[in-house]
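Have a look at the structure below, then the notes.
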Amino acid sequence: MSLDKQVYLDYAATSPVKKEVLDAMLPYLTEKFGNPSSLHSWGQESRQAVDDSRRLIAKFLNVKEKEIIFTSGGTESDNMAIRGIIIGLGARLKKEAAPMHIITSQIEHHAVLRTCQYLEKNGLAEVTYLKPNLDGIIDQNKVKEAIKENTALVSIMYVNNEIGAVQPIREIGKMIESENRKRTIRETRIYFHTDAVQATEYQEMNVEYLHVDLLSFSGHKIGAPKGVGVLYKKENLPFQKMIFGGEQEMNLRAGTENVAGIAAIAKAIEILQENKAEKVEAVNKMRNYFIEKIEKEISDIELNGSRELRSPNNINFYFKYIEGESILLNLDLVGIAASSGSACTSQSLEPSHVLVSVYDNPERAHGSIRFTIGEKTTNEEIDYSVEKIKEIVEKLRAMSPLVPEK
């Protein structure tokens with residue numbers, strides 16, 4: 001792209017690899033290339049990198065090292081968590097038992113929704129999909145009301161990837177623990193998974209604090225490369241491995257480890273912990289500045305999602321009377337990257353399932369744009385972006401037959 005001005009406002013889709021992270025991974029792509037399962041010194045050098053990375057991430061989550069499984073990203077981690085529990089638990093129960101019950105929400109990432117739908121379609125589980133409130137929040141009382149005798153798993157995302165709504169994971173986790181104290185048979189307890197892909201950089205990730213049994217996150221949202229992720233799985237859970245072959249990752253995920261990616265995600269976690277509170281405050285301040293400036297400069301708009309219970313990096317607006325895709329195309333022409341929703345479904349013509357679920361309004365879903373910022377986003381970039389957004393919105397509305405006559 002040869003534009004004079006370029007502004008990246010799509011950090012929720014992916015983030016740039018940080019220089020320190022690239023420096024940490026490069027040796028394992030060049031001179032330190034050994035297979036970590038090999039016994040010679042080349043292999044053991046790579047093994048040490050994997051072990052050190054596992055130790056650092058376990059400390060970050062406040063869990064045991066053997067509870068960390070390295071994966072290819074958030075999608076695999078979500079699939080592995082949900083299918084692993086349901087199939088693993090099913091193996092312990094009699095085949096004639098009723099399908100297990102999963103509670104999730106209508107606004108989950110498709111990695112969760114489509115995994116649940118697969119299990120449902122194949123008779124392995126029945127699923128309750130909870131509707132959020134108008135702030136995009138899942139009410140913990142609705143989770144409790146949905147629990148049945150055969151409920152085996154609850155999966156609620158920590159931060160919604162489209163509207164940034166922060167869910168009450170700790171409160172849900174504590175409620176599930178209370179329900180489990182009423183269940184004396186181990187096989188009937190409820191397990192709790194959270195997709196924390198959009199939460200890792202800005203939210204509390206201490207698993208003991210959150211009261212979860214399984215947690216997923218991904219490297220490319222936090223300054224590491226694409227293709228590496230983490231699943232925390234509490235020890236001694238009934239669990240079925242999904243990939244068969246060797247005995248890597250505690251014999252739960254076969255395949256030679258992505259050593260460079262693992263070293264990278266560990267370095268990214270190390271960096272994000274440095275002065276984390278100050279970074280979160282700075283991004284939060286920048287987000288508020290962005291929101292206030294758009295609301296001041298542009299008419300006929302509505303903020304999607306909660307104003308208070310919101311990720312520090314997320315800005316999502318409904319621009320009335322025009323299509324979000326047209327806004328995106330025009331933004332790209334002036335060097336601004338944004339999104340109409342999840343990057344994983346960006347080529348679909350279907351409206352955002354998240355916004356449709358929250359607002360029951362396909363037009364709102366089609367007319368909404370997500371902007372997500374990072375710690376390097378500046379006031380100057382926001383000023384430029386809002387100026388261009390205003391020009392684009394005015395131009396598109398001048399051509400729109402949907403604008404009411406004054």
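What follows draws every value from the coordinates through simple rules; no lab data is involved. This structure is a prediction, so every number in the text was calculated from the model and none was measured. Neighbour counts run over all protein chains shown; Cβ positions are idealised from the backbone, glycine included.
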Those chymotrypsin sites (Phe, Trp or Tyr not before Pro) in the stretch 236-306 that DSSP places in a loop and that have at most 16 other beta carbons within 10 Å: Phe244
Rounded, prolate or oblate (a/c below 1.5 giving rounded, otherwise prolate when a/b exceeds b/c) for the stretch 70-186 by Cα gyration tensor: oblate
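Taking 2.2 N^0.38 Å as the expected size of a compact globular protein, what ratio does the Cα radius of gyration of the stretch 280-406 give against it, to two decimals? Spell out each step's value before the answer.
Working: Rg = 14.1 Å, N = 127, 2.2 N^0.38 = 13.9 Å.
Normalised Rg, Cα atoms only: 1.02.
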Principal axes of the chain: Cα extent on each, largest first, Å: 68, 54, 35
Cα centroid separation - the stretch 173-204 against the stretch 14-39, whole Å: 34
Interchain or long-range residues, amide H under 5 Å from Asn304's placed H: Asn316, Phe317, Tyr318
Top positive-direction residue, dipole computed over the chain with Cβ charges, set Ile336, Tyr28, Thr378: Tyr28
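Tally the DSSP beta bridges in the chain and give the antiparallel ones as a percent, rounded to 5.
Values: 20 of 39 bridges.
Around 50 percent of the beta bridges assigned by DSSP in the chain are antiparallel ones.
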Partners for Lys5 among aspartates and glutamates (Cα-Cα distance below 18 Å; same-chain residues under 8 apart left out): Asp332, Glu380, Glu381, Asp383, Glu387, Glu391
Built amide H within the under 5 Å cut-off of Ala125, gap 5+: Glu120
Amide H contacts of Gly246 (H built 1.01 Å from N, under 5 Å, at least 5 apart or other chain): Gly255
26 Å Cα-Cα threshold exceeded, pairs from Lys19/Lys241; Lys142/Lys241; Lys59/Lys233: Lys19/Lys241; Lys142/Lys241
Reach of Lys390 by Cα under 13 Å, taken over aspartates and glutamates that are not fewer than 8 positions away in the same chain: Glu295, Glu297, Asp300
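Counting only DSSP beta bridges with both residues in the stretch 56-174, what percent are antiparallel, rounded to the nearest 5?
Numbers: 1 of 10 bridges.
If we restrict to bridges inside the stretch 56-174, about 10 percent are antiparallel.
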Where the Cα pairs of the stretch 30-72 fall when distances are cut into 5 Å bins, in %: 6, 23, 24, 19, 17, 9, 2
Cα centre as origin, Lys/Arg/Asp/Glu Cβ charges: the chain dipole, Debye: 1180
Under 17 Å from the Cα of Lys285 - lysines, other chains or at least 8 residues apart: Lys276, Lys293, Lys296, Lys376
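Run the numbers on the chain and let me know its relative contact order in percent, using alpha-carbon pairs under 8 Å that are six or more apart. Numbers along the way, then the final one.
Working: 755 pairs, mean separation 91.1, N = 406.
Worked out over the chain, it gives 22 percent.
Neighbour counts of other C-beta atoms within 10 Å: give me Leu89, Leu402, Leu113 arranged from fewest to most.
Details: Leu89 22, Leu402 11, Leu113 19.
So the residues, fewest neighbours to most, are Leu402, Leu113, Leu89.
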GluC sites (Glu not before Pro) restricted to the stretch 283-328 and DSSP loop, no more than 12 other C-beta within 10 Å: Glu308
Whole-Hz couplings from phi, Karplus 6.51/-1.76/1.60, listed for the stretch 267-278; x for Gly and Pro: 5, 4, 5, 4, 5, 5, 7, 6, 6, 4, 4, 5
Rounded to 10°, Cα long-axis angle of helix 41-61 versus longest principal axis of the chain: 70
